[in-house]
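In what follows, a single structure is set out as structure tokens and then discussed.
The values are calculated or read from the model by the stated rules, or taken from the named source; none is laboratory data. This structure is a prediction, so every number in the text was calculated from the model and none was measured. Here Cβ is always computed from backbone atoms with ideal geometry, including for glycine, and neighbour counts include all displayed protein chains. Ligands, DNA and RNA are stripped out before the accessible areas are found, and what is left, the full protein with its side chains, is counted by its heavy atoms. Shrake-Rupley method; radii C 1.70, N 1.55, O 1.52, S 1.80 Å.
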Protein chains: 2
Amino acid sequence: MEKAMKIKPSLPKGMRDFLPQDVAKRSYIMDTIRDVFYLFGFQPIETPVMENLSTLTGKYGEEGDKLLFKVLNSGDFLSKVDESALNDKNSSALTKSIAEKGLRYDLTVPLARYVVQHQNDITFPFKRYHIAPVWRADRPQKGRYREFYQCDADIIGSSSLYNEVELLQLYAAVFKRLGLQVNIRYNNRKVLLGFMHAIGLEEGRELQGITILDKLDKIGIDKLKLELQELGLTDSQLDLFASVIQTNDLSLLPSSPILDQGIEELDFLIKAEVKNTSFDLSLARGLDYYTGGIFEVLSTEYDMGSLGGGGRYDKLTEMFGKSDLTGVGISFGLDRIYDVMEGLNRFPAQVHAVPVVMFAYFSEANQAFAFKAVQACREAGLAAEMYPDLVKFPKQMKYANDKCIPYVAIIGDKEMEMQAYTLKDMQTGEQTTFSLKDLIDHLQAKP
Amino acid sequence: MEKAMKIKPSLPKGMRDFLPQDVAKRSYIMDTIRDVFYLFGFQPIETPVMENLSTLTGKYGEEGDKLLFKVLNSGDFLSKVDESALNDKNSSALTKSIAEKGLRYDLTVPLARYVVQHQNDITFPFKRYHIAPVWRADRPQKGRYREFYQCDADIIGSSSLYNEVELLQLYAAVFKRLGLQVNIRYNNRKVLLGFMHAIGLEEGRELQGITILDKLDKIGIDKLKLELQELGLTDSQLDLFASVIQTNDLSLLPSSPILDQGIEELDFLIKAEVKNTSFDLSLARGLDYYTGGIFEVLSTEYDMGSLGGGGRYDKLTEMFGKSDLTGVGISFGLDRIYDVMEGLNRFPAQVHAVPVVMFAYFSEANQAFAFKAVQACREAGLAAEMYPDLVKFPKQMKYANDKCIPYVAIIGDKEMEMQAYTLKDMQTGEQTTFSLKDLIDHLQAKP
């Protein structure tokens with residue numbers, strides 16, 4: 001702390017501070033997710049915030065590479081600089097020679113690196129979860145931040161469809177605990193590929209078709225058909241497309257190996273009859289790398305984008321030299337879940353991390369007496385505090401009120417004489433006098 | 001995931017991955033600290049990993065500025081570059097024009113910024129805690145990493161000495177819960193200043209004296225005296241110094257306003273008689289900004305540096321334009337506490353976040369039967385899993401063993417017929433057959 005130069009305090013664009021009440025609510029969601037991850041046998045890992053740029057680049061497309069936050073090399077970074085990039089003032093060429101590290105963009109590429117790097121220390125199938133922030137130098141806008149949390153659970157190294165069923169159950173369990181009504185939609189990439197083949201899209205154009213299908217919710221079936229027409233589909237092919245989409249009836253399609261395989265996988269999920277899930281043939285999910293089951297969670301009570309999504313992928317660790325691993329995983333969108341909980345007023349009242357009781361007093365002697373009681377409460381495992389400075393009583397009460405502390409124990413000379421405490425319920429205003437032991441018992445019995 | 005170029009997976013220098021068992025142990029320490037913070041009325045805040053460099057620079061000395069990780073501006077950062085710095089290849093001058101953000105170096109400067117920025121939304125006295133990683137581009141060595149966690153609790157805006165007592169109690173409570181024996185030493189900066197005056201160090205040279213005193217543990221009293229002699233102290237002054245240090249007896253010193261004030265503050269802590277704490281006049285703490293009580297925690301069972309430290313400071317928020325706030329805080333050294341716990345084998349056996357029970361089976365039909373039981377366990381709040389793929393029984397048992405799962409429920413045709421489960425205790429090898437309800441009851445009764 002050398003200089004006392006005054007600086008107006010501010011934050012970088014797209015970054016957020018969180019006040020205690022926000023942290024409490026966010027922790028409530030994350031703790032709920034973490035508890036369910038644990039219940040389902042997932043274990044936590046941690047990776048550093050910074051990865052080598054050689055690990056990160058080329059994984060998220062050209063646009064993604066631009067959105068990576070790059071960390072300047074330490075020390076005299078210009079000593080080993082690319083001279084021609086410097087002379088040309090070519091920022092992107094120069095970056096390579098002055099920045100070797102970047103902030104992680106998601107938790108998936110670090111997982112791939114981790115699995116390959118630690119493959120001898122890992123028990124496969126590897127059921128890992130990771131709840132941590134990621135960074136993207138995106139243009140900030142409503143609901144889009146440059147620092148945000150991801151909550152991911154993946155199973156690496158098992159092709160069993162029980163994993164897919166478990167992940168659907170896991171979604172259902174988390175949203176049930178959060179008190180949110182959702183529809184967990186699922187589909188299968190093999191089914192989609194077979195479907196696209198069957199309506200006449202040639203090999204290599206299926207992904208284009210799937211990308212168009214992904215827009216059904218936004219643009220409707222008629223515009224979808226127009227876009228598919230541009231890919232060269234005939235009227236009867238378009239009609240087949242529309243009737244399958246409208247009925248979810250795959251038996252309308254001619255059989256093919258990939259379609260049959262997809263239907264078999266899908267049937268396993270359908271038969272599992274997981275609560276609040278439904279098969280939806282129009283669910284496509286944007287990411288190219290899914291190869292089997294795909295999932296997406298939507299609120300049925302609140303207008304918001306997807307609250308989570310995931311699916312099976314096969315090539316995750318290939319880029320790091322390990323090709324025989326399949327994986328399946330899901331992700332929770334913390335910020336959106338927060339917004340839905342807040343919008344529907346579903347956070348429990350006791351979510352705030354405030355002490356149960358504050359001790360207020362009138363004199364120095366009263367304060368010393370109160371302090372002993374605070375210690376006794378804490379030793380009994382009851383969160384308690386005392387206003388630290390000897391200030392006027394109303395100021396102490398204002399503090400308790402501002403901090404939303406539910407009970408205040410009041411100590412005056414009369415209480416000291418009686419070795420008693422007058423407990424005020426801050427919600428009802430009711431006051432009762434207790435001995436210390438009874439006070440602690442009374443407060444411990446509260447929910 | 002565009003290219004399948006193979007990259008050898010690696011991490012940046014000084015950065016660490018954590019395996020599930022490490023995460024579990026680290027979380028155990030952090031959760032213990034967090035629980036006690038809550039018990040004492042502290043509330044969590046969060047700040048972004050990145051701060052503006054204008055917030056961070058000039059706060060940690062010249063050396064500290066060099067250790068800041070700087071984040072390259074997004075986009076065409078050379079378009080607004082400092083031409084002369086570019087032509088001179090002056091890295092440090094260039095940095096200013098191509099990097100506006102940096103990774104936080106500690107949690108204290110972000111706290112100062114936060115308090116000033118959100119002063120109208122904060123309830124003062126502000127009791128906040130923050131458990132989060134920080135980054136320093138230090139040369140990595142044993143026990144020193146470039147990414148590490150800090151666990152800080154501070155009270156901002158209260159000069160009451162009850163805060164100091166509470167922080168000593170908080171330290172005692174955390175280490176008691178962790179099962180570690182410690183000596184929590186405390187001292188007072190005003191006492192030290194008065195002490196340095198009293199032995200003859202002039203105004204402005206007291207900090208030099210305190211810095212020398214800080215080396216007592218390392219170099220011993222005789223070398224300390226030699227160093228003080230170089231500051232111009234006479235033999236009788238050095239003798240006074242030595243006898244006060246050896247006796248902790250401040251009454252040997254001539255009175256002065258700052259010494260008296262310091263002794264008054266110190267007496268409040270001494271009289272509080274917090275368990276496992278002791279006054280130690282030789283405790284100095286390196287940082288310049290402490291102005292009152294100072295604290296440090298040492299293990300009494302294991303040779304390790306300080307496990308935590310803190311103190312009172314008065315000028316924290318001054319650099320951000322707010323000068324009337326005093327603060328007092330403590331910090332826990334997570335990595336060192338981890339090493340002591342590990343070295344003394346003090347982690348509880350059940351710290352690992354593994355499910356209580358795994359279900360193993362012999363056939364596809366057995367597996368379907370097992371899966372229903374897994375669901376029932378989870379619905380009862382019992383963490384459970386099933387080996388997902390239909391593999392040979394020994395492979396399933398190896399998985400349970402590698403993952404340190406304490407119980408395996410075995411299902412064969414006989415069990416299916418009886419609607420029963422053979423539960424194997426993986427530690428004792430003992431096997432008992434239960435109905436599903438009894439199995440769940442039995443496992444829920446385990447600690």
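Here are the numbers:
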| item | result |
| --- | --- |
| Rounded if a/c under 1.5, otherwise prolate or oblate - the protein assembly as shown, Cα gyration tensor axes | prolate |
| Efficiency of FRET between B:Lys271 and A:Met304 - r from beta-carbon atoms, R0 60 angstrom, step 0.05 | 0.60 |
| Links that overshoot a 29 Å alpha carbon limit, given the list A:Lys398/B:Lys176; A:Lys315/B:Lys398; B:Lys96/B:Lys315; A:Lys275/B:Lys25; B:Lys127/B:Lys218; A:Lys372/B:Lys190 | A:Lys398/B:Lys176; A:Lys275/B:Lys25; B:Lys127/B:Lys218 |
| Within the protein assembly as shown, percent of DSSP bridges classed antiparallel, to nearest 5 | 80 percent |
| Ascending list, in nanometres, of distances separating the B:Ser54 label from those of the other copies (7 Å, Cα toward Cβ) | 3.8 |
| Calculated label separations, B:Ala445, copies of the chain, 7 Å along the beta-carbon direction, nm | 2.9 |
| Efficiency of FRET from Cβ geometry, A:Phe279 and A:Lys89, R₀ 45 Å, rounded to 0.05 | 0.25 |
| Sequence-distant lysines (8 or more away, or on other chains) whose Cα lies within less than 16 Å of A:Lys322 | A:Lys59, B:Lys3, B:Lys6, B:Lys8 |
| Loop-resident sites, segment A:1-102, for GluC sites (Glu not before Pro), counting at most 15 other Cβ within 10 Å (DSSP) | A:Glu2 |
| Anchor B:Lys101: aspartates and glutamates whose Cα lies under 13 Å away (excluding residues fewer than 8 positions away in-chain) | B:Glu51, B:Asp65 |
| Potential extension, B:Lys8-B:Lys66 segment - 0.36 nm per residue separation minus Cα distance | 17.9 nm |
| Chain A - Rg over Rh from alpha carbon coordinates, Kirkwood radius | 1.09 |
| Cα gyration tensor shape of segment B:8-55, rounded if a/c is under 1.5, else prolate or oblate by comparing a/b with b/c | oblate |
| Loop-located trypsin sites (Lys or Arg not before Pro) in segment A:360-447, at most 12 other Cβ atoms within 10 Å (DSSP) | A:Lys392 |
| FRET efficiency estimate (nearest 0.05) - Cβ-Cβ, B:Ile219 to A:Asp441, R0 35 angstrom | 0.05 |
| Ascending list, in nanometres, of distances separating the A:Tyr38 label from those of the other copies (7 Å, Cα toward Cβ) | 1.1 |
| Euclidean distance between Cα centres, segment B:391-447 to segment A:82-99, Å | 61 Å |
| Reachable aspartates and glutamates from B:Lys89, criterion Cα separation under 15 angstrom, eight or more residues apart if same chain | A:Asp76, A:Asp82, A:Glu83, A:Asp88 |
| Net charge over other residues, Cβ less than 12 angstrom from the Cβ of B:Ile219 (K, R count +1; D, E count -1) | 0 |
| Estimated inter-spin distance, A:Tyr38 and A:Arg16, nm [label 7 Å along Cα→Cβ] | 2.5 nm |
| Gyration tensor verdict on segment A:357-444 (Cα atoms; rounded if a/c is under 1.5, prolate if a/b is larger than b/c, oblate otherwise) | rounded |
| Where the protein assembly as shown is the region considered: accessible area per residue in Å², 1.4 Å probe | 43 Å² |
| Computed [θ] at 222 nm, helices only, for chain B once each DSSP H run of length n ≥ 4 contributes -39500 (n - 2.57) | -12500 deg cm²/dmol |
| Filtered trypsin sites (Lys or Arg not before Pro), segment A:127-188: DSSP coil and at most 12 other beta carbons within 10 Å | A:Lys142 |
